[in-house]
Amino acid sequence: MKLELLAVEGLPEIGAGADLGGLIAQHAPTLETGDVIVVAQKIVSKAENRLKDLSVLEISSDAQHLASRLDADPRLVQAVLNESVRVVRDDRVLIVETNHGFVCANAGVDRSNIPGADMVSLLPVDCDASADALQRRITEVSGVKVGVVISDTFGRPWRNGLTNVALGVAGCVALVDYRGRPDDFGRPLNATMVAVADEIAGAAELLMGKTRRIPVIVVRGLVLDCADASGTGKELVRPASLDLFR
């Protein structure tokens with residue numbers, strides 16, 4: 001068994017309205033059925049014009065208060081609050097629940113790799129819809145049915161370091177549910193669900209890096225222990241009713 005990671009190199013700087021799916025299909029190595037293409041959230045946000053000029057934001061008293069506590073730019077804090085449904089923690093860093101249901105630092109609002117001192121990128125409005133649109137366009141241009149995972153870097157409770165996770169998924173399994181299946185010794189598994197799309201995103205980051213300007217990776221050779229080859233990023237968000245830490 002073999003798993004390959006193939007960099008999609010030579011992509012131009014992505015601007016608003018860019019045919020991102022077409023560009024990926026044109027620059028990717030020859031695609032094969034079953035390939036999964038991991039796309040960094042940042043270029044998806046650029047193509048969808050999910051950029052915000054901080055200088056035009058009206059700063060609320062809540063943003064001013066939080067910025068003072070965190071020694072942060074109140075405009076950036078306001079951008080984070082605009083993308084959030086609740087503040088989870090405001091000690092040293094602003095942890096929020098986004099409009100999508102993700103719990104993460106700064107709601108994914110990011111200044112890195114964005115031109116302009118006052119510009120930030122926001123997460124796509126609907127990450128699964130973005131993944132689906134890319135999957136359809138890449139398949140249309142290449143003639144090969146592929147999966148797409150939109151990835152971003154998240155921190156993790158109880159663990160140092162960052163890792164990439166899946167925000168949006170299309171044409172690819174997101175979770176493999178082993179519950180009810182026997183283990184190697186015949187005992188039934190009761191709780192095991194593997195976040196395959198997150199693992200795919202994490203693997204791709206090893207080749208993407210943070211400064212290599214390689215925002216797209218083709219993952220080839222996946223052998224998944226499941227019958228269902230379709231999933232969504234929403235499946236990876238734990239419902240509040242099952243979250244022991246809310």
message: Looking for something of a type outside the set (V, I, T) and closer than 24 Å to G221 by Cβ - is there at least one such residue anywhere in segment 11-18?
response: yes
field: Any hit, segment 75-84, residues being in contact with a strand residue (DSSP E or B) (Cβ under 7 Å, 6 or more places away or on another chain) and part of a strand (DSSP E or B)
entry: yes
statement: Taking segment 94-116 and keeping residues in a strand (DSSP E or B) and open to solvent by 60 Å² or more (accessible area, probe 1.4 Å) leaves V103
Residues satisfying the stated conditions in segment 1-31, i.e. out of contact with any helix residue (DSSP H, G or I) (no Cβ under 8 Å at 6 or more places or on another chain), of a type outside the set (D, E, K, R) and in a loop (DSSP other than H, G, I, E, B): M1, P29, T30
statement: Filtering segment 190-226 down to residues that are farther than 18 Å from L31 by Cα, in a loop (DSSP other than H, G, I, E, B) and among the small types (G, A, S) yields A191, A195, G209
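Quick check on this structure: which one of D132, D177, D152 is under 14 Å from the mean Cα position of the chain (by Cα), touching a residue at least 24 places away in the same chain (Cβ under 8 Å) and open to solvent by 40 Å² or more (accessible area, probe 1.4 Å)? Spell out how you get there, then give the answer.
Numbers: D177 fails: under 14 Å from the mean Cα position of the chain (by Cα); D152 fails: open to solvent by 40 Å² or more (accessible area, probe 1.4 Å).
None of the other options fit; the residue is D132.
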statement: Only unsatisfied item for P74, checking (1) more than 19 Å from the chain's Cα centre (by Cα); (2) surrounded by fewer than 15 Cβ atoms within 10 Å (Cβ to Cβ), is (2)
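The values are calculated or read from the model by the stated rules, or taken from the named source; none is laboratory data. What you see is a predicted model, and the numbers here were worked out from it, not measured in a lab. Every residue, glycine among them, receives a Cβ derived from its backbone with ideal geometry; neighbour counts consider all protein chains shown. Surface areas here come from the heavy atoms of the whole protein model, side chains and all, with no ligands, DNA or RNA. Shrake-Rupley method; radii C 1.70, N 1.55, O 1.52, S 1.80 Å.
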